[in-house]
């Protein structure tokens, strides 16, 4: 009798980590029929590991080497921006970083840099972070872009306003760097 190897299935979070995107993006790809999924008896989506690998090769033609995570850091606080560049930058090619010091520059760089993730400060000169987030999420073809908000003045009301504008997550400054790296999929 032949040994039959059962396929391994990944949860949306596991598939997202492997593809270096948010679980929401994985669900959107599945809804569009780009990534094949199966549904459990309990109604939960699961992805065959070989299907996720196939999709990863298609989505990232470089093959086995995963595409670097493109991060746009938007903050007018130069010391914090320098800290984030040091924290998120690497010599292994895991990330590509770009910065903007206000919402208007961020809007331009969203179009030219095409980030996977925007780390967005709430309070900046010119335009409030919630409005920048709302505009990013309303751009044609950019609704899947992840926006992670940061604020030194995060109240429950402000956090809800950011989430309603489309932010995936809100961090209080000073940042919990371990959690930020986990959310970005840069650390186990």
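Could you work out the percent of alpha carbon pairs in the chain separated by over 20 Å, rounded to a whole number? Mind showing how you got there, number by number?
Numbers: 10085 of 17578 pairs.
Cα-Cα pairs of the chain separated by over 20 Å account for 57 percent.
Rounded to two decimals, what ratio of Rg to Rh does region 79-188 give with C-alpha atoms and a Kirkwood Rh?
Values: Rg = 13.3 Å, Rh = 14.3 Å.
Expressed as Rg/Rh, it is 0.93.
In Å, what is the Rg of the alpha-carbon atoms in region 129-188, and how long is Dmax?
12.0, 33
Taking 0.36 nm per intervening residue step and subtracting the Cα-Cα distance, what contour gain separates residue 144 from residue 123 on full extension?
On the way: separation 21, 0.36 × 21 = 7.56 nm, distance 2.32 nm.
Contour length minus the Cα-Cα distance gives 5.2 nm.
Quick one: which of 117-128, 72-83 comes out on top by average Cβ neighbours within 10 Å, and what's the full order, highest first?
Working: 117-128: 19.8, 72-83: 18.2.
Peptide ranking by packing, descending: 117-128, 72-83.
Mean 1/r over all different Cα pairs, inverted: what Kirkwood radius does region 9-59 give, in Å?
Details: mean 1/r = 0.0946 Å⁻¹.
Every distinct Cα pair counted, the radius reaches 10.6 Å.
Would you mind telling me the antiparallel percentage of the DSSP bridges in region 5-136, rounded to 5?
Working: 4 of 14 bridges.
Taking every DSSP beta bridge within region 5-136, about 30 percent pair in antiparallel fashion.
Since every read-out is calculated from the coordinates, none of them should be taken as a lab result. Fair warning: this is a prediction, and the values are worked out from it, not measured in the lab. Backbone-built Cβ (ideal geometry, glycine too); neighbour counts: all protein chains shown.
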